[in-house]
Amino acid sequence: MFKTFLTRFIKDERGVTAIEYGVIGVALATVLGVVMYTGVGGGDGLVDAIGAAFTDIVTAMGGVDPSGA
């Protein structure tokens, strides 16, 4: 009886696709996290680049009067 159950369990492929998609999702999330925070080739990551761009914008607008006068 146990041998029959074990054989059926090993041959059962239901849910395998969902597990594969889950593994692919985790892999993509890991790659995106690495690229966004460390960059490719050890350079600045995307988060750092966006932060630097906004800092440059704020610095460039330092002499602008917000009231428009």
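The values are calculated or read from the model by the stated rules, or taken from the named source; none is laboratory data. This one's a predicted model, so the numbers in the text were calculated from it and none came from an experiment.
A few notes on this one:
- Scanning segment 18-54 for residues that are among the polar types (S, T, N, Q) and at pLDDT 85 or above yields a single hit, T30.
- Test: V35 is in a helix (DSSP H, G or I) and within 17 Å of the chain's Cα centre (by Cα): yes
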